[in-house]
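The values are calculated or read from the model by the stated rules, or taken from the named source; none is laboratory data. Quick caveat: nothing in here was measured; it's all calculated off a predicted structure. Quick reminder, even Gly has a Cβ in these numbers, built from the backbone with ideal geometry, and neighbours come from all protein chains shown.
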Amino acid sequence: MAIKGVEPTQSAQPHSEPNRRMVIAAHPDDPEFICAGTVARWIKEGSQVVYVICTDGSRGSNEPDMPPERMAPIRRAEQLEAARILGVETVILLDHEDGTLQPTLELRRELTRLIRRYKPDIVVCGDPTRIFHRNTYINHPDHRAAAEAALYAIFPSAGTRFVFPELLEEGLEPHKVQEIYLYGSPEADTWVDITETVELKIAALKAHRSQVEPDFVDRRVREWNRELGRQLGVDYAEEFRKIILR
Ligand SMILES: [Zn+2]
């Protein structure tokens, strides 16, 4: 993997077992915008990827004739289709209400349970410190809530035996995640070359038909990833802040 400034990712897992990676996001379509090229690349390299989507995406339309109960199943189907295109094996939809997600202990427990069950070496999640993007965008509070719950599920909850002891009763032993890839971070330090998977990313994004115009994806998303590619001297890239837990 081409990564600027740091050594390529090494897994401590035996070679016979695929690496397991997990993406934790607030909404259906977040993973496709942020890291689908990286996800597709990891899958092509033999990793297994699990998506965890915290909300049901049900507030994804302002149209009066598209209330939450109509929107939710559409978002679900779109996310499953996007995951199928990328080769993501497992999609877990936690179905919390879109728009009002909170980083509660309940959410942290749910995510801890999934990390202990699937044992990812790398987790991709958001950066909860990001409130503004330039002078034009307020980060959605669901993004920050999912990111905070994810980080504290990774540490200390997933790796500490007696945090959420009820998980031990479910047979879920502690698991230590090795690396976190934060997306949407103002302190990005890691760029992943997605030149060979950008078309898969575009196709997966277009599966979110209720959210994106195909033309926007073709133009703006391609442009954005091309801009990030310049950081690495490649055609297309995605960017992260990488946290290595030792
Ligand atoms: Zn979102």
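Assorted remarks:
Yes/no per residue for (1) closer than 24 Å to His133 by Cα; (2) hydrophobic (A, V, I, L, M, F, W, C); (3) in contact (Cβ under 8 Å) with a residue 12 or more places away in the chain:
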site: Tyr152; (1), (2), (3): yes, no, yes
site: Val163; (1), (2), (3): no, yes, yes
site: Glu169; (1), (2), (3): no, no, no
site: Glu187; (1), (2), (3): yes, no, yes
site: Lys201; (1), (2), (3): yes, no, yes
site: Glu227; (1), (2), (3): yes, no, no
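- Close pairs from segment 103-117: first more than 16 Å from Ala25 (Cβ to Cβ) and part of a helix (DSSP H, G or I), partner at pLDDT 95 or above and charged (D, E, K, R), Cβ under 7 Å, at least 6 apart: Arg116/Glu173
- The C-beta contact set for segment 128-149 (first residue within 13 Å of Leu107 (Cα to Cα), second residue more than 15 Å from the ligand (Cβ to nearest atom) and in a helix (DSSP H, G or I), distance under 7 angstrom, 6+ apart or interchain) comprises Ala149/Leu107; Ala149/Arg108; Ala149/Leu111.
- When segment 71-121 is filtered for residues that are of a type in the set (S, T, N, Q) and either buried (at least 18 other Cβ atoms within 10 Å of the Cβ) or in contact with a Cys (Cβ under 7 Å, 6 or more places away or on another chain) (or both), the ones remaining, listed by number, are Gln79, Thr112.
- One residue from Leu182, Leu168, Leu172 being modelled with pLDDT of 95 or more and touching a helix residue (DSSP H, G or I) at 6+ places or on another chain (Cβ under 6 Å): Leu172
- Within this structure, Val212 passes the test of being surrounded by 15 or more Cβ atoms within 10 Å (Cβ to Cβ), among the β-branched types (Val, Ile, Thr), assigned to a loop (DSSP other than H, G, I, E, B) and modelled with pLDDT under 95.
- Enumeration of residues in segment 71-101 that are out of contact with any Lys or Arg (no Cβ under 6 Å at 6 or more places or on another chain) and part of a loop (DSSP other than H, G, I, E, B): Gly87, Val88, Glu89, Glu97, Thr100, Leu101
- Selection count, segment 78-119, where residues are in contact with a helix residue (DSSP H, G or I) (Cβ under 8 Å, 6 or more places away or on another chain) and among the basic types (Lys, Arg): 4
- For Val163: the one exception among (1) out of contact with any His (no Cβ under 9 Å at 6 or more places or on another chain); (2) part of a loop (DSSP other than H, G, I, E, B); (3) within 16 Å of the ligand (Cβ to nearest atom): (3)
- Subset of segment 27-47 (residues that are more than 10 Å from the ligand (Cβ to nearest atom) and not in a helix (DSSP H, G or I)): Glu45, Gly46, Ser47
- The numbered conditions (1) under 24 Å from Trp224 (Cβ atoms); (2) in contact with a Leu (Cβ under 8 Å, 6 or more places away or on another chain); (3) of a type outside the set (A, V, I, L, M) are all true for Asp56 except (1).
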